[in-house]
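Here's the structure, in structure tokens; my notes come after.
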Amino acid sequence: MFKVNENYQKLPGSYLFSTIAKKVSAFAEANPEKDIIRLGIGDVTQPLAPAVIEAMHKAVDEMGKAETFHGYAPDLGYEFLRNAIAKHDYQQRGCDIAPDEIFVSDGAKSDSANIQEIFGADNKIAVCDPVYPVYVDSNVMSGRTGVYDAKTETWSDVIYMPCTMENGFVPEFPKQTPDMIYLCLPNNPTGTTITRGQLQEWVDYANKVGAVIIYDGAYEAYISEQDVAHSIYECQGARTCAIELKSFSKNAGFTGVRLGYTVIPKELKCKDVSLHGMWARRHGTKFNGAPYIVQRAGEATYSKEGKAQLKEQVAYYMKNASVIKEGLIEAGYTVFGGVNAPYIWLKTPGQMSSWEFFDYLLERANVVGTPGSGFGPSGEGYFRLTAFGSRENTLAAIERVKKL
Ligand SMILES: *Cc1c(COP(=O)(O)O)cnc(C)c1O
């Protein structure tokens, strides 16, 4: 009889978005006349930029002619894209990253889930709490997290670093020494981030204890403050301790197009074993390359027109973020995030739990958000709203919240 991977059996159901969907559809059915505004899900709504569409059309035409047809892409990505990434995302910012240290992929979700494969089963992971669920769940699937305690909603072998208003959402060095540290900055779900100086302290810490930092930079394009790093490689010593994951989803609206990349510097080693070589091997075996059309679309995000158009798109969402933030402050809420990220993280009023506030907002304002407790125990008492909606809906939602 075949056996299943029992680690999958340990996964507690991810009830968050399915519970939200069920509650919303039950409410909609009972109240068909109500116009529900959704500011819950982390997906973009603006169409692809004209420069991207133009590049895609051109690439589609190339695929239709024998002379310019492209089959399998190189495993690690086309050079035109890796060169553009190295130049614009790294070298122009003074980061020493070469094109052959960049691995093009179909997105940061899969990379953030897959990267743990190249690490030993007995590594101890550390994550922020609240956290993007993929980091923990992918380690559960590979048996690295110990036993789940349903009461505390924590795993016995995971180090949690609470990020709350008490510590200004800055993770503190854990008492127990981790081997792998997941950092997502600017952060989903809290919308907060740390300064370049604070990030440097994490790099120094990782180098000192021999840990690797898996740095998720999916929201880098939303950074507005000068003292926030756009890449972990702005920090001294990051080449010996950090892997960086990037995505085209949030900066260019590629959530449905699918493109991302992972950076592994050649100096990143465990004794004399290079992680760069291991990831190249893994990529070569398990991944057959992102589509040519999509990589051309990715390249177009770095053109002069592409950059200008994306800057406008990000500004559109960040204007929504400030509408939400200002409106909530006016209404008396305690609010975080929304400055370097398209997420607003608010403290629920009174002693309301995250889910109580969810129901309250849905029933009284017909606005849908995401309960903070769904991202980890330290998210209890908080609530996430996203700036990815249309301006019209965002304004309407905040007017309703103000009237509560
Ligand atoms: C949206 C998001 C990603 C990007 O995922 P893709 O697979 O590239 O769409 C990665 N990390 C975090 C934290 C995110 O919120």
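Read-outs: derived from the displayed coordinates by stated rules, not from any lab. Please read these numbers as outputs of a predicted model, since none were measured by experiment. Note: ideal-geometry Cβ built from the backbone for every residue, glycine included; neighbour counts use all protein chains shown.
Subtracting the Cα-Cα distance of THR240 and MET165 from their residue separation scaled by 0.36 nm leaves 23.8 nm.
Here the simple spin-label model places points 7 Å from the Cα toward Cβ, and for MET63 and ALA98 these points are separated by 3.3 nm.
Between VAL209 and GLU363, take the C-beta separation as r, use R0 = 45 Å, and let me know the FRET efficiency to the nearest 0.05. Don't skip to the answer; put the middle values down first.
Working: r = 48 Å, r/R0 = 1.07.
After rounding to 0.05, the efficiency reads 0.40.
Are there any trypsin sites (Lys or Arg not before Pro) in segment 155-229 that are in a DSSP loop and have at most 14 other Cβ atoms within 10 Å? List them by number. Spell out each step's value before the answer.
Numbers: sites: LYS175, ARG196, LYS208; in loops: LYS175.
Passing sites in segment 155-229 are LYS175.
The distance linking segment 204-244 with segment 333-362 is 28 Å (Cα centroid to Cα centroid, whole angstrom). How big is the gap, in Å, between the Cα center of segment 109-143 and the Cα center of segment 1-65? Their Cα centres are 22 Å away from one another. Cut-off 10 angstrom, C-alpha nodes, Gaussian network model of the chain. Which of GLY168, GLY381, GLY253 fluctuates the most? So, out of GLY168, GLY381, GLY253, the one fluctuating most is GLY168. With an a/c value of 1.5 or above and a/b not larger than b/c for the gyration tensor axes a ≥ b ≥ c computed over the alpha-carbon atoms, segment 282-336 is described as oblate.
Taking a 27 Å limit on the Cα-Cα distance, which of the listed pairs LYS58/LYS307; LYS34/LYS325; LYS58/LYS311; LYS109/LYS402; LYS175/LYS250; LYS23/LYS325 fall beyond it? Don't jump to the answer; show the numbers that get you there.
Values: LYS58/LYS307 18 Å; LYS34/LYS325 24 Å; LYS58/LYS311 23 Å; LYS109/LYS402 35 Å; LYS175/LYS250 34 Å; LYS23/LYS325 25 Å.
Beyond 27 Å between Cα atoms: LYS109/LYS402; LYS175/LYS250.
Cβ-to-Cβ counts within 10 Å put TRP279, TRP345, TRP355 in ascending order as TRP355, TRP279, TRP345, the fewest first.
Model label sites at ASP137 and LYS22, defined 7 Å from Cα along the beta-carbon direction, differ in position by 1.6 nm.
For GLU172, project a label point 7 Å along Cα to C-beta. Then give me every residue of segment 204-222 with its amide nitrogen under 18 Å of that point. Inside the label zone: 205-206. For the chain, the 222 nm mean residue ellipticity estimated from helices alone, with every DSSP H stretch of n ≥ 4 adding -39500 (n - 2.57) and the total spread over all residues, rounds to -11000 deg cm²/dmol. Of the GluC sites (Glu not before Pro) found in segment 173-265, those that fall in a DSSP loop while having at most 11 other beta-carbon atoms within 10 Å are GLU225. Protection proxy ranking for 364-374, 267-277, using the average of other Cβ atoms within 10 Å per residue and placing the highest first: 364-374, 267-277.
One chain, two ends: THR152 and ALA30. Fully extended at 0.36 nm per residue, the span grows by 40.5 nm beyond their Cα-Cα distance. Among ASP227, ASP179, the ranking by other beta carbons within 10 Å of each residue's beta carbon, starting with the fewest, stands as ASP227, ASP179.
Residue ranges 83-96, 63-76, 1-14, 383-396 sort as 383-396, 83-96, 63-76, 1-14 when ordered by packing (mean number of other C-beta atoms within 10 Å per residue, highest first). Ignoring lysines fewer than eight residues from LYS3 along the same chain, the ones with Cα atoms less than 26 angstrom from its Cα are LYS286. Highest mean packing comes first when the peptides 236-242, 23-29 are listed by Cβ atoms within 10 Å, giving 236-242, 23-29.
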